[in-house]
Amino acid sequence: MGTSALLLTGCSLFGDDAPLPKPSGHAAPSASATPGPVGGSGTTDDTAQPVAAPQAVPAGTVVAETDAVSKSGDTSIHVRIVANDHGTFDAQLSDYRTTNPQPMSVEFRRTAQFGDGSDDRAVATTRWGANGQPPASVSLSEAGTDPDWLRTAVLVPDQSDGDDSDRPWRFKVLAIGTLSWSIPDPEPDLHVTLGAARPGAYGYAFDADDQTLRGTTGTPVAYRVNEGDDQTTIAERFGITVEQLRWLNPQMQTTGKDWVLAGSWLNLDPATR
């Protein structure tokens, strides 16, 4: 999953470099810190639905830890992921520091690079003001019981109440920390097979070389959803259960009770979940 921290150096949009402090304790909660809306995390039929599963690790267990740091090192935050007693996980935040106070947000993404723009599928976006501090803890419950598909914690400058014309970097990833998880694999023996196309699973399957697979020969790693495909039939075509299909695709979008969003891509490779 990567290293437990990402410390890079380079030029900064915000000023001179400053040494990073060692992690120590948790930042005090701020009344100005509020969870922000996250795309793809609502409760309508068009959104992803986390898979329910037994608690993977005991409450209080630290399963990931990182420092999200800007290129220059002038802005950073410490992130520790801890199992809670509800079968999901919380992100404990501490040691937020910056040499350029501004409205800020923390969020969790599958992948991220410096300068990336908004990600409407980010999880647990939480904002605070220029003079505020992040909360001590943020819930990752919307990521489900196996959130190790979230590989980065990022800081993203937020909009202010005034004129932001002189802040072209707002809404762009400023600091990144790589999350390396220690969660038991719930599907260690998962093996995807290739079945023939059929009503409800008429999309194309692709191999690791991005070649279209025909018939029932080959190892599928991705699937392009066709109009009218449903999750039950897709799972049957590839020899897995619906629960396993959803585990492979934690943000799979469905419409109605069973239809999968046409044109979307599904992952079939456990290694790239």
- request: Please tell me if VAL221 is touching a Gly at 6+ places or on another chain (Cβ under 8 Å), closer than 25 Å to ASP146 by Cα and either among the β-branched types (Val, Ile, Thr) or assigned by TED's automatic domain parsing to the domain that holds PHE108 (or both).
  value: no
- request: Determine which single condition SER141 fails, assuming it passes every other condition in (1) hydroxyl-bearing (Ser, Thr, Tyr); (2) touching a strand residue (DSSP E or B) at 6+ places or on another chain (Cβ under 9 Å); (3) more than 24 Å from THR241 (Cα to Cα).
  value: (3)
field: Some residue of the stretch 37-53 being assigned by TED's automatic domain parsing to the domain that holds PHE171, part of a strand (DSSP E or B) and either farther than 13 Å from ALA143 by Cβ or at pLDDT below 95 (or both)
entry: no
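One line per residue, one yes/no per condition, for (1) assigned to a loop (DSSP other than H, G, I, E, B); (2) assigned by TED's automatic domain parsing to the domain that holds THR126; (3) surrounded by 14 or more Cβ atoms within 10 Å (Cβ to Cβ):
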{"position": "VAL156", "(1), (2), (3)": "no, yes, yes"}
{"position": "ILE183", "(1), (2), (3)": "yes, no, yes"}
{"position": "PRO186", "(1), (2), (3)": "yes, no, yes"}
{"position": "LEU190", "(1), (2), (3)": "yes, no, yes"}
{"position": "ALA208", "(1), (2), (3)": "yes, no, no"}
{"position": "GLU227", "(1), (2), (3)": "yes, no, no"}
task: Look at ALA112 and say whether it is part of a strand (DSSP E or B) and closer than 19 Å to ARG273 by Cα.
output: no
- prompt: Among the residues of the stretch 144-154, is there at least one that is of a type outside the set (Asp, Glu), at pLDDT below 95, outside any strand (DSSP E or B) and buried (at least 17 other Cβ atoms within 10 Å of the Cβ)?
  reply: yes
field: Total residues in the stretch 229-258, condition of a type in the set (Asp, Glu), surrounded by fewer than 21 Cβ atoms within 10 Å (Cβ to Cβ) and under 16 Å from GLY203 (Cα atoms)
entry: 3
task: Can you work out which of the residues in the stretch 238-273 that are touching a residue at least 24 places away in the same chain (Cβ under 8 Å) and β-branched (Val, Ile, Thr) is farthest from ASP209 (Cα to Cα)?
output: THR255
Among (1) at pLDDT 95 or above; (2) touching a Ser or Thr at 6+ places or on another chain (Cβ under 8 Å), the one test that ASP258 misses: (1)
Filter pass, ASP163 being surrounded by fewer than 20 Cβ atoms within 10 Å (Cβ to Cβ), more than 30 Å from THR61 (Cα to Cα), of a type in the set (Asp, Glu) and not assigned by TED's automatic domain parsing to the domain that holds ALA112: no
- prompt: Name the residues in the stretch 195-206 that are touching a residue at least 40 places away in the same chain (Cβ under 8 Å) and either in the same structural domain as TRP149 (by TED's automatic domain parsing) or surrounded by 20 or more Cβ atoms within 10 Å (Cβ to Cβ) (or both), would you?
  reply: ALA205
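The values are calculated or read from the model by the stated rules, or taken from the named source; none is laboratory data. In this text the structure is predicted, and so the values were computed from the model without any measurement. Every residue, glycine among them, receives a Cβ derived from its backbone with ideal geometry; neighbour counts consider all protein chains shown.
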